[in-house]
């Protein structure tokens with residue numbers, strides 16, 4: 001789950017900043033075991049600065065066609081060293 005959340009957070013931050021990015025830090029809270037057929041992660045930026053974005057992510061598992069929340073994460077995504085972030 002952690003890998004899935006980190007990828008979703010980084011994708012959301014990179015899309016928001018428009019440059020190559022790295023994960024500066026992230027935290028995840030596990031709510032229940034992910035006992036299903038697959039994982040779904042949805043992330044979005046809640047703050048976009050010049051060189052970093054703060055993003056949130058919900059991770060669901062799918063079981064019998066239903067999505068159930070199993071983890072929530074938040075992270076800071078930073079522009080890669082040497083890249084120029086676009087203006088928000």
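Quick notes on this one:
- As for the stretch 69-80, it holds at least one residue that is surrounded by 15 or more Cβ atoms within 10 Å (Cβ to Cβ), in contact (Cβ under 8 Å) with a residue 60 or more places away in the chain and out of contact with any helix residue (DSSP H, G or I) (no Cβ under 9 Å at 6 or more places or on another chain).
- Total residues in the stretch 11-39, condition under 27 Å from residue 66 (Cβ atoms), surrounded by 16 or more Cβ atoms within 10 Å (Cβ to Cβ) and touching a strand residue (DSSP E or B) at 6+ places or on another chain (Cβ under 6 Å): 6
- Of the residues making up the stretch 41-66, those that are closer than 18 Å to residue 1 by Cβ and loosely packed, with under 15 Cβ neighbours inside 10 Å are 42, 62, 63, 66.
- Any hit, the stretch 1-10, residues being surrounded by 12 or more Cβ atoms within 10 Å (Cβ to Cβ) and touching a helix residue (DSSP H, G or I) at 6+ places or on another chain (Cβ under 8 Å): no
Every number here is computed from the coordinates shown, using simple stated rules; none is lab data. Everything numeric in this text was worked out from a predicted model, so none of it was measured. With ideal geometry, Cβ positions are generated from the backbone for all residues, glycine too; neighbour counts draw on all protein chains shown.
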